[in-house]
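J.: To start, I am sharing the structure in question, which I have written as structure tokens.
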Ligand SMILES: *Cc1c(COP(=O)(O)O)cnc(C)c1O
């Protein structure tokens, strides 16, 4: 371990992103390995939210829709998310939740695919992705059907019945990352449109929607973008598809919302993928997180993420050998996102025991201890400290205390 402590110190000293840590409100002693589930609080967020509450809402009241430019917040923030995911101006908008955006993207893609009525995904995709597909199938009265196949067989199932392929780029459990450009290419050869769920990609790995010729994408604001609990999500629609039917045709997606016309007439650009009134307070926090993320060079973020993962996997080797942990996936992380998962028969209790020692990771069914690596605020030293605390937990047997086995509502 002492070699690794030395190595971590060297890596921290040379870290070009080290200065970002001070931009986050992180309690001393805490090691936060769950930024892939809820990103940490940027120090500037509280002031931005207070301004939105006290000045814009409190004093400006309804005039703030114009005076504080509330009305353009979704597209303004969308344009700040765009460079983080390799999208162009006017292709991304901050709105609704990821789940709702999945529904909108599915509906839009289907509207472009007359005669095709199957939505394809992989088994083991994030549950909400499955559920939104299934809901659409029920709503269609069976006209649209859904199909989930083994992840490694996806390409074999592309044919002229498939309207749309819904995939998550970085798997929420295993961290495995898909080759977006190759899958888009294969899908397009069969006339299939692809929707990418970027929940564990945006701000975590280099994404280039433009270069990979992506059709649609959606993703979370509260994970690597640090937008706060329940932050608005985003939706990306390539310019060439923006004439698609937005399906959830709310008045904010109308070409002239304040004309109050009874007949729906979709806005020409990405605005049509808005639905109702934007959540301004949530957007205020998301804007801060997004601006901060936008200042980081994504190549440097990815390089640090890979370095953190290598160090973590190396440091975990003794625990894999002696205490029943098993790395999920391969040690070469170039085809993974920014979290590392370890299987363990008592993964839930391990996660709870770690929390008691001020290391926050999380548990995912059925046996996964998931450790998120967020390059903006994690130090290499933190990785070593986390593993040494986990080792102490294993050696002392403290993970087996009854309180660490009791399941909380949110894991
Ligand atoms: C976190 C996550 C979501 C979350 O959807 P919400 O509507 O924000 O709850 C969706 N998809 C994936 C792949 C996720 O990891």
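Readers should treat all values here as calculations from the given coordinates under stated rules, not as data from a laboratory. Just so it is clear, the structure is predicted and the values come from calculations on it, not from any experiment. Every residue, glycine as well, gets a Cβ built from its backbone with ideal geometry; the counts of neighbours run over all protein chains shown.
J.: Please give the helix 347-356 orientation as an angle from the longest Cα principal axis of the chain, in degrees from 0 to 90, rounded to the nearest 10.
T.: 80 degrees
J.: Moving on. Relative to the longest principal axis of the chain, what angle (0 to 90°, nearest 10) does the C-alpha long axis of helix 2-13 take?
T.: The helix 2-13 is inclined about 40 degrees to the chain.
J.: Can I ask one more? Please work out the Cα convex hull volume for the chain and give it in Å³ per residue.
T.: About 145 Å³ per residue, rounded to a whole number.
J.: Once both labels are modelled 7 Å past Cα along the beta-carbon direction, what's the residue 19-residue 1 spacing in nm?
T.: Here the modelled spin labels are 3.4 nm apart.
J.: Of the peptides 288-298, 230-240, 188-198, 249-259, how do they stack up when ordered by the mean number of other Cβ atoms within 10 Å, highest first?
T.: For the peptides 288-298, 230-240, 188-198, 249-259, the packing ranking is 230-240, 188-198, 288-298, 249-259.
J.: From the Cα gyration tensor of the range 31-78, with a ≥ b ≥ c the square roots of its eigenvalues, which class applies: rounded if a/c is under 1.5, or else prolate if a/b is larger than b/c, or else oblate?
T.: Oblate.
J.: Looking at the chain as a GNM with Cα springs under 10 Å, which of 266, 40, 68 has the largest mean-square fluctuation?
T.: Most flexible of the set in this elastic network: 68.
J.: Taking a ≥ b ≥ c as the square roots of the eigenvalues of the Cα gyration tensor of the range 356-411, is the shape rounded (a/c under 1.5), prolate (a/b larger than b/c) or oblate?
T.: oblate
J.: Right, here's the next one. At 10 °C and 1.306 mPa s, what whole-number value in µm²/s does Stokes-Einstein give for the translational diffusion of the range 96-226, with Rh from the Kirkwood sum over Cα pairs?
T.: 109 µm²/s
J.: Please identify which residues in the range 342-376 have an amide N closer than 13 Å to a label point set 7 Å out from the Cα of residue 403, following the Cα→Cβ vector.
T.: Counting backbone N atoms under 13 Å from the label point, the list is 352-358.
J.: Further question on the same structure: Measure nothing but the geometry: give the 0 to 90° angle between the long axis through the Cα atoms of 98-111 and the longest principal axis through the Cα atoms of the chain, rounded to 10°.
T.: Once rounded, the angle reads 40 degrees.
J.: With the cut-off at 1.5 for a/c, could you classify the range 69-294 from its C-alpha gyration tensor as rounded, prolate or oblate? Walk me through the intermediate numbers first.
T.: Numbers: a/c = 1.73, a/b = 1.22, b/c = 1.42.
The shape class here is oblate.
J.: Still on this structure: Looking only at 388, 37, 305, which one moves most when the chain is put into a Gaussian network model with springs between Cα atoms under 10 Å?
T.: 388
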